[in-house]
Amino acid sequence: MFVNENMDTRRFRTLFISDVHLGSKAAKADFLLDFLRLHDADTIYLVGDIVDGWRLKRNWYWPQDCNDVVQKLLRKARKGSRIVYIPGNHDEFLRDFPGMHFGGIEVAQRAIHETADGKKYLVLHGDEFDVVVRNARLLAYLGDWAYDMAILINIGLAAVRRRLNMPYWSFSAWAKLQVKHAVNFIGEFQRVVVEEARRNDADGVICGHIHHAVIEDFDGIRYINTGDWVESCTAIAEHEDGTFELITWQSIAETQLIGIAGDELPEALGAQAA
């Protein structure tokens with residue numbers, strides 16, 4: 001646990017979190033739990049792949065910190081936060097329940113979020129625009145297995161680098177990025193998602209799926225990706241004035257920055273405002 005009990009909770013108008021992959025050994029559920037203890041919002045969007053049904057089908061893995069994350073979200077719902085769960089491809093079993101409420105958590109296929117300054121954002125996971133997932137499901141599963149192997153390599157390399165006093169470096173993130181760049185996947189994904197926002201007369205789009213957190217503008221449409229809680233440990237926050245912030249939690253989790261002042265927290269979190 002990395003939370004300092006004396007740290008103040010940061011409250012936002014809206015929080016967006018995706019790609020937690022609870023049920024995967026790679027999930028940083030403990031980091032997310034600490035993040036949720038120190039961050040709150042009127043509305044919280046869970047933008048898909050919160051639970052990793054693919055991995056749970058292959059091998060059941062559900063440690064206590066996965067339960068703790070679920071209980072923390074349910075507790076926030078009971079205390080008045082609106083929580084909207086937009087399923088992704090790994091938790092697609094929930095797509096059979098649009099409009100249903102589970103413990104105060106709403107399930108929706110996608111949503112239109114209106115910001116404090118009146119702008120409209122299309123909120124969706126994004127897997128429907130991934131050609132691999134949409135047109136070649138077997139290939140997608142094989143790719144998921146390969147990613148598991150990369151994560152295992154990553155764990156071993158991280159242990160060696162720690163012993164050598166070398167900084168953290170993610171082999172899995174590097175390997176994935178090389179493949180994505182080889183087929184220009186990220187750029188193409190951004191382009192088609194932005195076009196979907198344009199077709200829906202939205203000012204922007206907020207999505208997950210590709211584990212690549214960023215806030216960028218494309219020809220008048222803002223593209224926001226929430227990242228993930230496997231490697232980057234990122235979330236998107238909307239402030240009361242409608243501005244967005246990309247928050248990176250892993251910088252605190254890795255360095256165990258304890259006792260940090262509340263007004264210093266945004267900088268320590270590696271926040272990117274936009």
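The values are calculated or read from the model by the stated rules, or taken from the named source; none is laboratory data. All values derive from a computational prediction rather than experimental measurement. As a convention, Cβ positions derive from the backbone with ideal geometry for all residues, glycine included, and neighbour counts pool all protein chains shown.
Checking Ala182, Ala197, Ala173 one by one, the residue that is at pLDDT 60 or above and aliphatic (A, V, I, L, M) is Ala197 and no other. Given the structure, is Leu22 within 14 Å of the chain's Cα centre (by Cα) and closer than 22 Å to Asn225 by Cα? For Leu22, the condition - within 14 Å of the chain's Cα centre (by Cα) and closer than 22 Å to Asn225 by Cα - is met. Looking across the range 40-84, the residues that are without any contact (Cβ under 8 Å) to a residue 40 or more places away in the chain, closer than 24 Å to Ala108 by Cβ and either of a type in the set (A, V, I, L, M) or touching a Leu at 6+ places or on another chain (Cβ under 8 Å) (or both) come down to Asp52, Leu56, Lys72, Leu73, Leu74, Ala77. Take the residues of the range 216-246 that are more than 19 Å from Lys119 (Cβ to Cβ) and hydroxyl-bearing (Ser, Thr, Tyr): which is farthest from the chain's Cα centre (by Cα)? Going through the qualifying residues, I end up with Ser232.
With respect to Lys28, determine if the residue is at pLDDT below 95, touching a Cys at 6+ places or on another chain (Cβ under 7 Å) and either at negative phi or surrounded by 16 or more Cβ atoms within 10 Å (Cβ to Cβ) (or both). Let's see the steps before the verdict.
Values: at pLDDT below 95: yes; touching a Cys at 6+ places or on another chain (Cβ under 7 Å): yes; either at negative phi or surrounded by 16 or more Cβ atoms within 10 Å (Cβ to Cβ) (or both): yes.
In short, yes.
Return a yes/no flag: does the range 89-103 have any residue that is assigned to a strand (DSSP E or B), in contact with a strand residue (DSSP E or B) (Cβ under 7 Å, 6 or more places away or on another chain) and surrounded by 20 or more Cβ atoms within 10 Å (Cβ to Cβ). Looking through the range 89-103, none of the residues is assigned to a strand (DSSP E or B), in contact with a strand residue (DSSP E or B) (Cβ under 7 Å, 6 or more places away or on another chain) and surrounded by 20 or more Cβ atoms within 10 Å (Cβ to Cβ).
Being without any contact (Cβ under 8 Å) to a residue 40 or more places away in the chain and part of a strand (DSSP E or B) is the filter here; which residues of the range 104-124 pass it? Of everything in the range 104-124, those that are without any contact (Cβ under 8 Å) to a residue 40 or more places away in the chain and part of a strand (DSSP E or B) turn out to be Glu106, Val107, Glu114.
For the range 226-235, filtering for residues that are under 13 Å from Phe16 (Cβ atoms) and touching a residue at least 24 places away in the same chain (Cβ under 8 Å) leaves 5. A single entry from Asp52, Asp40 fulfils the requirement of being closer than 25 Å to Val214 by Cβ, buried (at least 20 other Cβ atoms within 10 Å of the Cβ), acidic (Asp, Glu) and in contact with a strand residue (DSSP E or B) (Cβ under 7 Å, 6 or more places away or on another chain): Asp52.
For the range 182-222, enumerate the residues that are of a type in the set (Lys, Arg) and part of a strand (DSSP E or B). Outline the logic, then answer.
Going residue by residue through the range 182-222, those that are of a type in the set (Lys, Arg) are 191, 198-199, 222.
The one that is of a type in the set (Lys, Arg) and part of a strand (DSSP E or B): Arg222.
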